[in-house]
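Rule-based calculations on the coordinates, nothing more; no lab input. Remember, it's a predicted structure, so these values are computed and weren't measured experimentally. Here the Cβ is made from the backbone with ideal geometry for all residues, glycine too, and neighbour counts use every protein chain on show.
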Amino acid sequence: MKSELYDKLGAKQGVNKIAHHFYVNFLKDDLLRPFFENIDLKQQERKMNAFLTCAFGGNSLYTGKTLRRAHTSLVADQGLSALHFDAMIACMTMTLKEEGTPEDLIQEVIAILEYQRNNILGT
């Protein structure tokens with residue numbers, strides 16, 4: 001059950017920490033960083049936190065764009081591709097490992113993110 005995942009990841013405080021740490025690592029990646037050069041990172045982190053909270057079964061009323069709409073221009077104008085998605089997955093995996101997340105929970109998180117691959121890449 002997904003709400004169990006949210007709780008196992010530390011609920012609100014844990015997911016907030018993961019979202020923040022994810023962007024710290026994300027911005028260290030030369031392949032991913034260019035997508036965020038002109039982005040309000042605090043706002044982006046809040047969006048990611050809301051998405052992760054919802055995706056992991058927490059109580060979140062995400063009202064933002066669909067993942068496909070949010071990434072359409074990145075795919076069309078900046079060449080967002082499976083290569084970038086794979087780098088994002090690696091970045092999230094690294095983040096979770098650095099946070100001391102057990103391997104079984106890391107695999108659950110990655111499965112949830114992988115489920116969104118086609119939505120994000122518009123395929």
Q: Would you kindly derive the ³J(HN,Hα) couplings of region 64-77 from the backbone phi angles with the Karplus curve 6.51 cos²θ - 1.76 cosθ + 1.60 (θ = phi - 60°), listing them in order in whole Hz, with x for Gly and Pro?
A: x, 5, 5, 4, 5, 5, 5, 10, 4, 5, 5, 5, 6, 9
Q: Calculate one ³J(HN,Hα) per residue across region 89-95 by plugging θ = phi - 60° into the Karplus curve 6.51 cos²θ - 1.76 cosθ + 1.60, and present them in order as whole Hz with x for glycine and proline.
A: 4, 4, 5, 5, 4, 4, 4
Q. Longest exposed-loop-site-free stretch of the chain, with trypsin sites (Lys or Arg not before Pro), DSSP loop and at most 12 other Cβ within 10 Å?
A. 66-123
Q: Per residue of region 20-25, in order, report the coupling 6.51 cos²θ - 1.76 cosθ + 1.60 (Karplus, θ = phi - 60°) as ³J(HN,Hα) in whole Hz, putting x for Gly and Pro.
A: 5, 4, 4, 6, 4, 5
Q) Once the dipole of the chain is set up with Lys and Arg at +1 and Asp and Glu at -1 on Cβ about the Cα centre, which of F51, T93, G10 lies farthest towards its positive end? A) F51
Q | Mean-position separation - Cα centroids, region 63-123 and region 15-50, in angstrom | A | 12 Å
Q | Approximate spin-label separation K12-Y115, in nm, with each point projected 7 Å along Cα-to-Cβ | A | 2.4 nm
Q.
Using only Cα atoms and rounding to the nearest 10 degrees, what angle (0 to 90) does helix 41-55 make with the longest principal axis of the chain?
A. 50 degrees
(Q) Between Q78 and D29, what is 0.36 nm times their sequence separation minus the Cα-Cα distance? Round to one decimal in nm. (A) 16.0 nm
Q.
On C-alpha positions alone, give me the angle between the axis of helix 103-115 and the longest principal axis of the chain, in degrees, nearest 10.
A. 40 degrees
Q: With N set to the residue count of region 2-121, report its C-alpha Rg divided by 2.2 N^0.38 Å to two decimal places.
A: 1.00
**Q.** Filtered GluC sites (Glu not before Pro), region 2-61: DSSP coil and at most 11 other beta carbons within 10 Å
**A.** E37
Q | Around I120: net Lys/Arg minus Asp/Glu count, Cβ-Cβ under 14 Å | A | +3
Q: List every residue whose amide H lies under 5 Å from the amide H of L80, counting only residues 5 or more places away in sequence or on a different chain, with H placed 1.01 Å from N in the peptide plane.
A: V75
Q.
At a threshold of 8 angstrom on Cα-Cα distance, excluding pairs fewer than six apart, so keeping six or more, what relative contact order does region 1-92 reach in percent?
A. 38 percent
Q: Take the chain, connect every pair of alpha-carbon atoms lying under 10 Å apart with a spring to form a Gaussian network, then pick out the residue of V109, V15, V24 with the largest mean-square fluctuation.
A: V24
Q | Length gained when the stretch F36-E4 is fully extended (0.36 nm per residue, less Cα-Cα span) | A | 8.4 nm
Q) How much net charge surrounds D40 when only other residues with a Cβ under 11 Å from its Cβ are counted (Lys, Arg +1; Asp, Glu -1)? A) +2
